[in-house]
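The values are calculated or read from the model by the stated rules, or taken from the named source; none is laboratory data. Because the structure is a prediction, the values reported are computed rather than measured. Cβ placement follows ideal geometry from the backbone for every residue including glycine, while neighbour counts extend to all protein chains displayed.
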Amino acid sequence: MLYAGAAKVDITPPPGFPMGGHSFIGQISRGQWLRLKARSLYIEAPNGSKLALISTDLWSMPAGLADRVTDIVANSANESCRLERRQMIFSATHTHQSPGNFSSSPLYNQFGGPEKGFDRNLFDFLANQLADVVLASCNTAESAKLYFGDAQVEKLVRNRSIEAFLQNEKSQVSEILEGSNSLPTDSLPPIYSPNPISAYHAVDPMLQTLWIKSAKEPSHVIGIGAFFAVHPTTLSHEAAIYSSDMFGVAATVAEQKLGLISGGSAPVVAIFNGAEGDVSAAWISQTRNETLRLGKKLGDAILNTENKSIQINADIKVRFSREQLAGAKVGKDKFTEKKLTGGPGALAGAEDGPTKTRDNFIGCHEGAPDPLCRVVFWAAKYYMRCFSPPTEAPLGVYTLGPIVLATLPGEFTTMMGRRIRNELASQLKVSKEKVILLGLSNEYVSYFTTPEEYKAGQYEGGSTLYGGLAGVLVGKRLKTLAEQFSEKPPASNDEPYKYHYDAGEVQTFSTVSKDFKSMEKDALKTHIVKTMFTNGEKPQMYDACWDGPAPTIAEAKAHDLTMTPSVQVEKKQPDGRWQPLTVGEILENDQGTNFIIQLSMWKKKQSKWCAFWLPSADLNETSPLRFKIIAHDGVAHTSAEFFSGQNN
């Protein structure tokens, strides 16, 4: 009998943290839109093997965080849920609106966000939340059935580094282009110069899903794992708020619709990224409306795979190892770089997200004819070597019946991912459509390109830390793990591997050291609100402000406070009672997609907060409405009454 469970927890921290992914052009968060979540799918196969797939709304997944979660899970009161490290896959969705500064590598604590330093309180908060979601998914497991589905998604992604992509072997380039040449193209942002046909076809548009359904009630969906390769960066780096971006919209929309169908608790929809190193979402402008449009499109596509899904047996097999990446042998007389490499292309930015000095850095490499270019190359290399990157990464190959899952410790390009998928499919004698690549999983070591792309000196190649053979190395190590499935399985217990990472300089981030201007002067100047009025969106918007505490993570833990406030809209009934408002049977609260909550002004004991409600266009309500706010300390606040169509 197959057993499975699913769970999700909130991992949104308080304002004040630098956000990771956009490096020095990122922002300090002042609140949230689209709460950050961790979602776990737990599967226990008939052969007794166990596996948990954990998707996190974080910009990266450091190995140290995954190892720390393992330590916590190992002390669970429920012995059957004490999963080993090899039995858990921890993945980051790669939203760039999540907190930074929790890496177990000094390199990313230095360069991942706008401010440097490792925050221990943030790290511990995330570790405990992730452990909670793993244990909750295990503790709620019930008899279940597993289904696999896939589909091509149109007009959702494009290749953002077409020049480097076209440097690959022509037959392989043609294979990818022809495999998606039936996909229609769409318009591109003005800054995007390459041939749009190539850009829209030089991707892997495949969406793969694992549906977990109750064995007792076949119509009840317990959870869905969705696997799709794209940079979920549809919101601009100027937005100073936490956001799970288009993946958060997709998961929320899918969960809400499934909840309406089931009439009970909403299933968990966990989205995992893939080989997305050179893949952008098909946004025209990086705004809230585009995030909603693309996220809803992906959410609907996930649900549509149910019609074509097939039931699979789910005996689980696992091969897991920790592999050296620096100075590792790839072939005869071929090695990866011993020390951090890369190049100035990393300073150029991607094609559709260029820096102001992109033209000065693109194509710069060790042997470039331009003397200044060579100087910049070596200066960047030696400066970055002052901050230790990860030198090894956990790798895993897993089978769920006929389905193969392989973890990628960073951002692999479309072509590098295709080569790895084809190798694994050939080795394990399955169709390549049944090989699932999980990007940004179990460790983060920046980018991995093909050797040809690395030489092109574009952004992705410049951000590849151990040279053009690093991706080849990972592919070979994954293939070696796949070969071991024909051998006797290893001992069930992991070799002891305790948390011992040096994360670099320690820092404590909070609102104390930040300048939060008064909301009256600054509310409509924050990027996410401002752009709704400068891009022709002009939505309905209602707001309310209240006074309340703004605790740090440590203060919230010490005084039993919540990490963030919660907000919902209430509707006045004819008898005078107030009830939660639903629109299309969906509750209007900050667990959905229509609320922005921002810290307006910080004070030592009593701060000022404001919430913006941006309901969907189908709001048609004539009864009086009001906001109900639950502050960190549990105190309830209610706003004055207002009516739809009347700005509050």
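Observations on the structure shown:
Here is a yes/no grid of residues against (1) crowded, with 21+ Cβ neighbours inside 10 Å; (2) free of Cβ contacts under 8 Å to residues at least 60 places away in the same chain; (3) within 24 Å of the chain's Cα centre (by Cα):
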site	(1), (2), (3)
Q97	yes, no, yes
G112	yes, no, yes
R120	no, no, yes
D132	no, no, yes
S137	yes, no, yes
L166	no, yes, no
Q172	no, no, no
L177	no, yes, no
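- In the stretch 455-470, the count of residues that are assigned by TED's automatic domain parsing to the domain that holds P106, out of contact with any helix residue (DSSP H, G or I) (no Cβ under 8 Å at 6 or more places or on another chain) and part of a helix (DSSP H, G or I) is one or more.
- Within this structure, A77 passes the test of being out of contact with any Asp or Glu (no Cβ under 6 Å at 6 or more places or on another chain), of a type in the set (G, A, S) and in the same structural domain as A229 (by TED's automatic domain parsing).
- Residue in the stretch 298-312 that is small (G, A, S), at pLDDT below 90 and farther than 22 Å from P389 by Cα present: no
- Hits in the stretch 239-259 - residues which are in contact with an Asp or Glu (Cβ under 8 Å, 6 or more places away or on another chain) and polar (S, T, N, Q): S244
- Within the stretch 539-568, tally of residues that are out of contact with any Leu (no Cβ under 8 Å at 6 or more places or on another chain) and either in a loop (DSSP other than H, G, I, E, B) or under 19 Å from L122 (Cβ atoms) (or both): 12
Here is a yes/no grid of residues against (1) buried (at least 24 other Cβ atoms within 10 Å of the Cβ); (2) within 19 Å of Q172 (Cβ to Cβ):
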{"site": "T391", "(1), (2)": "no, no"}
{"site": "I403", "(1), (2)": "no, no"}
{"site": "L408", "(1), (2)": "yes, yes"}
{"site": "R418", "(1), (2)": "no, yes"}
{"site": "Q458", "(1), (2)": "yes, yes"}
{"site": "V472", "(1), (2)": "no, yes"}
{"site": "R477", "(1), (2)": "no, no"}
{"site": "F485", "(1), (2)": "no, no"}
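- Search result, residues across the stretch 199-219 that are among the aliphatic types (A, V, I, L, M) and under 30 Å from E169 (Cα atoms): A199, A202, V203, M206, L207
- Residue list for the stretch 201-257, restricted to those being out of contact with any Leu (no Cβ under 7 Å at 6 or more places or on another chain), of a type in the set (D, E) and at pLDDT 95 or above: E255
- Among the criteria (1) part of a helix (DSSP H, G or I); (2) surrounded by fewer than 19 Cβ atoms within 10 Å (Cβ to Cβ); (3) at pLDDT below 80, the one K605 does not fulfil is (1).
- Test: F90 is under 27 Å from F387 (Cβ atoms), modelled with pLDDT of 95 or more and within 18 Å of the chain's Cα centre (by Cα): yes
- Residue check for S91: assigned by TED's automatic domain parsing to the domain that holds K317, under 25 Å from A556 (Cα atoms) and in a strand (DSSP E or B): no
- Scanning the stretch 405-452 for residues that are more than 23 Å from the chain's Cα centre (by Cα) and acidic (D, E) yields E423, E452.
- Hits in the stretch 19-64 (condition: within 15 Å of the chain's Cα centre (by Cα) and over 21 Å from V249 (Cα atoms)): P62
- Only one of the numbered conditions (1) farther than 20 Å from P15 by Cβ; (2) surrounded by 15 or more Cβ atoms within 10 Å (Cβ to Cβ) is violated by N589, and that is (1).
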